[in-house]
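First up is the structure itself, then whatever we jot down about it.
Taken together, the values in this text are just the output of simple stated rules run on the coordinates, not laboratory data. Here the structure is a predicted model, which means the values were calculated and not measured. Please note: Cβ atoms are built from the backbone with ideal geometry, for glycine as well, and neighbour counts cover all protein chains shown.
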Amino acid sequence: MAPSALTPLKGIRVLDLTNVLAGPFCCHQLAHLGAEVIKVEMPKGGDLARQLGADPELSAKGMGVSFLAQNAGKKSVTANLKTEKGREVLLRLVKSADVLVENYRPGVMDRLGVGYEVLQRENPELIYCAISGFGQTGPWTHRPAYDQIVQGVSGVMAITGDAESAPLRVGFPVADSVGGLTAALAISAALNSSNRGAFIDVSMLESLIATMGWAVSNWMIAGQKPTANGNENLTSAPSGTFRAKDAPLNIAANKDEQWEILARHIGRADLIAMAEYLTREDRKRNRLALRTEIEKALAAKSAEDWAEELNALGVPAGAVLDLTEVLDHEVIRSRGMIADFEEVEGVGRPISVLRTGIKINGEVPIVDAPPPRLGADSDEILLSLGYSAHDIAEMRERGEI
């Protein structure tokens, strides 16, 4: 396979002016697809994610776990955009760049003097992607946006959990992650255009709502207001989470034939002919009673045993795993999703981080370098932009880089 097939963005330079998650996650995707991603950070502190995560020692070193998670393969250069020289560094970088990604609050880049119009004059073909909570226009444009805020106003929390526990936040930053993926998709499309140069406005709120198509359409088309239904799949029954002997088990017997196979395999063929379970609609109406009958039978074996048996029969099923179990499972370990770095400057020990969920012609897109120390590539990049070693030393002394 030609290298270009695995690295379709090879030769593309991306300037990553983002912080924490949505923007860095977007650029994480682009880096794994072959783009050269240069992270432009403030000299003091850099990306806030450098100070975040479950290891206080790494956070104190500016290599927080949250930063390590989505910055492998990137380069880091520092530039204080509040200073003239710092802005000059960015302008020089922009001339050689194909893409710039930022996730400041709308208006911040303009106030710094490096907004889209200024940068477009330097490089008319620049693809400028601005990720924000609520978009660059509209009544909420200047509201600060964090993942949980977006989850709450999007309607996601209202339908997560059950009647007693909702509203609940999704257990990971889903709004940030979906926003980042949406931005990466839009940038990839813009790069494929014959007319380069674009301003891409990505709203985390709209990106998240766009993934809720079924729930949204049930309301907008069918007039059915979405509700919180816990682990039940309201489109079918039996379809949800059931108690097995040792652990919860997900079963999705969404087709009539799957339901009949399930009933026979668990020794409850008698349920098939019962009036209350005869049709899909009957089973949906009586799902709680049906659950009780099924769980009586499932108590005989472990969740994993049932999952193996049912899948072999064509009934989708799977034990409910925690994150540590699935990351250690062969289904993940065998497919190259985890990258191991033995030496990471500023960390002092090996680390493992995720790659992406992509395979191209059976191959795993990878990056060779671990996440960078703050400013690790400043000298190399600034020299390539025409600054002398003396210039760089003076700018560093003045806090401009």
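Name the GluC sites (Glu not before Pro) in the range 164-251 that are in a loop by DSSP and that have at most 14 other C-beta atoms within 10 Å, would you?
Of the GluC sites (Glu not before Pro), the ones in loops of the range 164-251 whose Cβ has at most 14 other Cβ atoms within 10 Å are GLU164.
In bins 5 Å wide, starting from 0, what share of all Cα pairs of the range 66-175 does each bin hold, as a percent?
In order of increasing distance, the bins hold 2, 10, 15, 17, 16, 15, 10, 7, 4, 3, 1, 0 percent.
Near the amide H of CYS129, under 5 Å away, which other amide H atoms are found, from residues 5 or more places off or on another chain, if H is placed in the peptide plane?
LEU100, VAL101, GLU102, ILE200
Can you tell me the alpha carbon radius of gyration of the range 3-57 divided by the globular rule-of-thumb value 2.2 N^0.38 Å? Present the calculation step by step, with values, prior to reporting the outcome.
Working: Rg = 13.2 Å, N = 55, 2.2 N^0.38 = 10.1 Å.
Against the compact-globule rule of thumb, the ratio is 1.31.
May I ask which of LYS255/LYS359; LYS39/LYS85; LYS75/LYS95 have a Cα-Cα span longer than 26 Å here? Numbers along the way, then the final one.
Values: LYS255/LYS359 30 Å; LYS39/LYS85 17 Å; LYS75/LYS95 17 Å.
Beyond 26 Å between Cα atoms: LYS255/LYS359.
Obtain the nm distance between the two label points defined at LYS296 and THR279 by a simple spin-label model: each point lies 7 Å from its Cα along the Cα-to-C-beta direction.
Modelled inter-label distance: 2.6 nm.
For the range 267-368, what is the Kirkwood estimate of the hydrodynamic radius, computed as the reciprocal of the mean inverse distance between distinct Cα atoms, to one decimal in Å?
17.9 Å is the Kirkwood radius here.
Could you give the nm distance between label points at ARG13 and GLU122, where each point is 7 Å from its Cα heading toward the beta carbon?
In this crude label model, ARG13 to GLU122 measures out at 1.1 nm.
Given a 10 angstrom Cα cut-off, can you work out which residue in SER59, SER378, SER334 is the most mobile in a GNM of the chain?
SER334
Projecting each Cα onto the charge dipole of the chain (Lys/Arg +1, Asp/Glu -1 at the beta carbon, about the Cα centre), which of ASN123, THR324, MET63 comes out farthest on the positive side?
ASN123
Using only the alpha carbons of the chain, what is the convex hull's orientation-averaged projected area in square nanometres?
Result: 23.7 nm².
Among 150-158, 23-31, how do they line up by average Cβ neighbours within 10 Å per residue, starting with the highest? Please list the in-between numbers first.
Working: 150-158: 20.3, 23-31: 26.9.
Output ranking for 150-158, 23-31: 23-31, 150-158.
Go through the range 228-245 residue by residue and turn each phi into a ³J(HN,Hα) via Karplus (6.51, -1.76, 1.60, θ = phi - 60°); whole Hz please, and just put x for glycine and proline.
8, 10, x, 9, 8, 9, 6, 7, 7, 7, x, 8, x, 10, 10, 7, 9, 4
Label the range 344-383 by shape, choosing from rounded, prolate and oblate, from the square roots a ≥ b ≥ c of the eigenvalues of the Cα gyration tensor; if a/c is under 1.5 it is rounded, and otherwise prolate applies when a/b is larger than b/c, oblate when it is not.
Oblate, since a/c reaches 1.5 and b/c is not below a/b.
Which one, GLN136, SER188, GLY161, is farthest towards the positive end of the dipole of the range 115-190 when Lys and Arg carry +1 and Asp and Glu -1 on their Cβ?
GLN136
Explain nothing, just the number: dipole magnitude of the chain about its Cα centre with +1 on each Lys and Arg Cβ and -1 on each Asp and Glu Cβ, in debye rounded to the nearest 20.
720 debye
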